[in-house]
Every structure is written in C-alpha cells, then in structure tokens.
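Below is one structure, written out as structure tokens; comments come after it.
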Amino acid sequence: MKDFLLRRAQQQHSPTHRWLALLGSAILFWAIVPAFLLWLSGWLTARFGVPSLPHSGWLMGLGLLLMAVGALIDLWVIYYQHTEGQGTPSPFVPTQRLVQDGPFAYSRNPMYVGTLTIYTGLGLLTGSVAMLALVALGALMVHSYVVLVEEPELEARFGEEYRAYKRRVPRWLSLRRKHG
C-alpha cells in the first residue's frame with residue numbers, strides 16, 4: 001500500500017483532476033459513508049436491540065454543532081491542501097508539498113479529526129448508540145491506517161521535513177500551536 005501511495009504522490013495532477021478528486025471524496029465521506037452508517041446503525045439497533053440515547057434538544061443541538069464544526073475543519077483542510085499542498089485529502093491525488101500551516105499546525109491529521117467529528121455529531125443528532133460505537137470503531141481503524149500506512153509513506157516522501165513536523169505537531173489534536 002505504501003508503494004502504491006508513493007507512486008501516486010510522484011504523479012503530477014491537473015487542477016481539473018484535483019477538483020474531481022475533491023468532488024469524489026466529498027460525495028464518499030459526506031454522503032455515502034454517513035448514509036451507510038445510518039443504515040448499519042439502524043440495522044444493528046433493530047437486530048440486536050441496541051439502546052438509543054434519550055431524545056433531548058441539547059443532544060440534538062450538540063450533534064448539529066459538532067457536525068458544523070467538523071465540516072468547517074474539513075473545508076479548512078481542503079483549502080490548505082489544495083492551495084498550499086497542491087493536492088487533495090485523497091490518497092489518489094495527494095499533496096505535492098508537506099502542509100504544516102492552518103489546521104495542520106494543530107493536528108497532523110485534521111481531516112480525520114473533522115470527519116470523525118461530523119460522524120460523532122450525526123450519532124448524537126440521531127441518538128444512535130450503535131452509530132457512536134461504529135464511529136469509535138472507525139476511529140480505531142483510522143488510527144491503525146495512519147500509524148501503519150500513512151505516516152511511513154509521508155516519512156518516505158518528505159524525509160526529515162516530516163520527521164521534524166511529527167516532533168512538533170501531535171498526531172490528532174492540540175489546542176495550542178507549537179512553533180519551531
């Protein structure tokens with residue numbers, strides 16, 4: 001997988017190709033995955049009697065807030081990856097330069113943070129314990145992918161620049177921006 005990603009990173013992509021990759025990623029992660037999570041969590045709830053959260057205005061409001069915050073984080077990431085990195089969040093059209101500013105000054109993986117925040121918000125909005133469990137499972141899978149595949153690929157691609165970035169910025173989230 002790492003070799004495949006390295007080959008993709010070495011290819012130059014036109015602006016049109018980058019926009020198409022963004023559109024495909026948006027459809028996948030903002031429409032298809034949430035629809036699948038809703039379906040699967042509904043099925044799990046019905047099949048195994050997974051309880052639901054109590055219907056509450058504040059939980060629904062928190063869910064909507066998390067979804068909005070996650071979407072804003074994702075849009076911020078997309079902007080920086082497209083303009084500064086000359087690429088996209090998609091591993092099929094990766095950035096050409098290591099992006100370390102904007103959301104990447106607080107997290108090495110802000111797109112995952114934003115998207116998982118959206119899914120968590122959707123789980124709260126719908127009151128689905130099953131969905132929240134699926135999001136937690138998905139977060140563990142994402143963590144494994146980042147550690148085992150993505151970080152080695154980025155280190156191979158960007159070398160010491162990425163290693164220095166790893167020392168300065170946490171994998172997931174810091175509310176403080178570190179300089180250096």
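Derivation of every value follows stated rules applied to the coordinates shown; laboratory data play no part. What you see is a predicted model; the values in this text were computed from it and never measured. Reconstructed Cβ throughout: ideal geometry from the backbone, glycine too, with neighbour counts over all protein chains shown.
Angle of helix 110-126 to the longest C-alpha principal axis of the chain, folded into 0 to 90 degrees and rounded to 10: 10°. A simple packing score, the average count of other Cβ atoms within 10 Å per residue, orders the peptides 151-159, 54-62 as 151-159, 54-62, with the highest score first.
Were the residues from W76 through R97 laid out at 0.36 nm apart, the gain over their Cα-Cα distance would be 5.9 nm. Under the simplified labelling scheme, the H17-R167 pair shows an inter-label distance of 3.5 nm, with each label point 7 Å from Cα along Cα→Cβ. Placing +1 on the Cβ of every Lys and Arg and -1 on the Cβ of every Asp and Glu, with nothing else charged, gives segment 2-168 a dipole about its Cα centre of roughly 120 debye.
Once the Kirkwood radius over Cα pairs is known for the chain, the Stokes-Einstein relation at 20 °C and 1.002 mPa s delivers a diffusion coefficient of 123 µm²/s. Ordering of 107-114, 64-71 by packing is 107-114, 64-71, highest average first (other Cβ atoms within 10 Å, averaged per residue).
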